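Engineer: This is the structure I want to talk about, given as structure tokens.
The values are calculated or read from the model by the stated rules, or taken from the named source; none is laboratory data. Treat the numbers as computed from the prediction; the structure is a model and nothing was measured. All Cβ positions, glycine included, derive from the backbone under ideal geometry; neighbour counts span all protein chains shown. Ligands, DNA and RNA are stripped out before the accessible areas are found, and what is left, the full protein with its side chains, is counted by its heavy atoms. Shrake-Rupley method; radii C 1.70, N 1.55, O 1.52, S 1.80 Å.
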Amino acid sequence: MTPRDVVLRELGRSAPVLPVVLVIALLALPVPEAGGEASGGGTGTVADAASALLVGLCAVHLVRTRRRPLSRTAAVLLGLPVVGVTVAACGAADAATGVAGAARYLQIFVLVPAAVLILVRDARHFRVIAWAFVALALWQGALGVHQNLTGTGASYMGEDIRAVGTFGSTDVMGMATVVSYGIVSALALAFRPHAPRQRWTAAVCAALLTVPLALSFSRGAWIATAAACLGVLLLAGARRAGRVLLAGGAAAVVLVAGLGVGSAMLQQRLSSISQVTGAPDQSVTDRYTMWAASADMWRERPVTGVGLKGFPDHRDSHASLALSSGSDTAGAGSGFVRQPLLSPHNMYLLVLGEQGLLGLVTLAGGWTALLVCGLRRWKRRCARPDGPGGPELDCALLACGLLIWQLVDFVYADIGGPTTVLTAVAFGVAAWWAVGSRGLPEEAGAR
């Protein structure tokens, strides 16, 4: 069989998930400057358009095959957000705002995840998407490191050294999110059974991606990635976790020592995480002030919240005078821009303020249930008396790792910007492992 035949055969096998890969690949392209916040008026991207195409192709596939699209459990967990989002949309300031907000929430938390779950048929498809995460992270990470070394990144402490990839200075979390997904994916793939070459390749990719993650100066991404990687390692086995943590700690010391001047900036950024009192930087002050404002909105309307996209309209009446007028951004090819603070940068508090307890329970409850179902399936199919194993161990680790990352990151971030569609894909692949079809033979996707 010629190399061309091999490529064509692999493309044929991966055809169902190629639309998902296309959505991921389009995030490698430069994006418009106005990425948008969760509560603001963000603009769509090419990847968003591709996600709509993905949902449409999935619908056509279901009509042609006449198969049952989702299991009962999957339908309930993915359908839960519809309740809170619909109620909150009815309470929005105007109908257009409510419809736009509802469409965005349903796209990210219902439609795209459901489409990904349906299109992924086995572990082979799952791994194709995982490697797509890694490839995108390597590309964006390489651009970010180049920006840091050449002084062409986003502005940070008076220097244009912040790694942001193609996302620009107005979306400094974009590259950090992509690279974090890549690290979690590569670390999980490093435990794939019976594939030593791919395991070593994945391990090297995970190690390399720690550099652009550090240079992103994103505190939330650091914390979420550390929590997700620790979860992956513990699920892979306590002994493995100990060895990897020791090796990772030694490598971190070498990397930080080799960063020179950058190490001082990293230390300052790390120390600011817990610096709530005393003299925190303005970004920390703004964040906690907006968190308090969201909680105050919830106390005003505890069940249904102030309505979708209602945070900007109610912010000033609930925030203290400590809140600044906006966030300064510059660098990475853009001039100085004063961005308004349109969201609290905490997904749970954003949902609580805008959708109330009803929205928080239906959204966060569904995410937590997915993680519980994923861990239960890991226990049934991967846990062994002599340690975790099985042909789908890497799939279990990635699904649970992505969910852990997202649930932790939502404490420091919310939806908004081009990478939001990547969040939808992550929920979809995690849902496939947690509540997807179990009719396929366990060994089918192991090779």
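Engineer: With the condition being on the phi > 0 side of the Ramachandran plot and in contact with a His (Cβ under 8 Å, 6 or more places away or on another chain), I'd like the helices (runs of 4 or more DSSP H) fully within the range 53-169 carrying at least 3 qualifying residues.
Structural biologist: none
Engineer: Moving on to the next point. How about the range 204-219: which of its residues are farther than 13 Å from VAL179 by Cα and modelled with pLDDT under 90?
Structural biologist: Hit for the range 204-219 is ARG219, nothing else.
Engineer: Which numbered condition in (1) modelled with pLDDT under 90; (2) open to solvent by less than 20 Å² (accessible area, probe 1.4 Å) is the only one that PRO69 fails?
Structural biologist: Failing condition for PRO69: (2).
Engineer: So ILE223 fits all but one of (1) closer than 20 Å to ALA132 by Cα; (2) at pLDDT 90 or above; what number is the exception?
Structural biologist: Every listed condition holds for ILE223 apart from (1).
Engineer: Counting only residues that are more than 30 Å from MET157 (Cα to Cα) and at pLDDT 90 or above, which one in the range 279-300 is most open to solvent (accessible area, probe 1.4 Å)?
Structural biologist: Per the criteria, the residue is ARG299.
Engineer: Can I ask one more? Hey, could you check the range 385-405 for residues that are open to solvent by 10 Å² or more (accessible area, probe 1.4 Å), of a type outside the set (A, V, I, L, M) and more than 17 Å from VAL128 (Cα to Cα) and say which is modelled with the highest pLDDT?
Structural biologist: Selected residue: GLY390.
Engineer: Go through the range 142-152 and give me each residue that's crowded, with 24+ Cβ neighbours inside 10 Å and more than 14 Å from PRO30 (Cα to Cα).
Structural biologist: Scanning the range 142-152 gives GLN147, ASN148.
Condition check ((1) within 26 Å of ALA176 (Cα to Cα); (2) assigned to a helix (DSSP H, G or I)) across all residues:
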site: LYS379; (1), (2): no, yes
site: GLY389; (1), (2): no, no
site: ALA399; (1), (2): yes, yes
site: LEU403; (1), (2): yes, yes
site: LEU407; (1), (2): yes, yes
site: GLY428; (1), (2): yes, yes
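Engineer: Taking SER14, is it in a helix (DSSP H, G or I), modelled with pLDDT of 90 or more and of a type in the set (Ser, Thr, Tyr)?
Structural biologist: Considered against the rule, which asks whether it is in a helix (DSSP H, G or I), modelled with pLDDT of 90 or more and of a type in the set (Ser, Thr, Tyr), SER14 comes out as no.
Engineer: Is it the case that some residue within the range 93-105 is polar (S, T, N, Q), more than 18 Å from LEU208 (Cβ to Cβ), modelled with pLDDT under 90 and surrounded by fewer than 22 Cβ atoms within 10 Å (Cβ to Cβ)?
Structural biologist: yes
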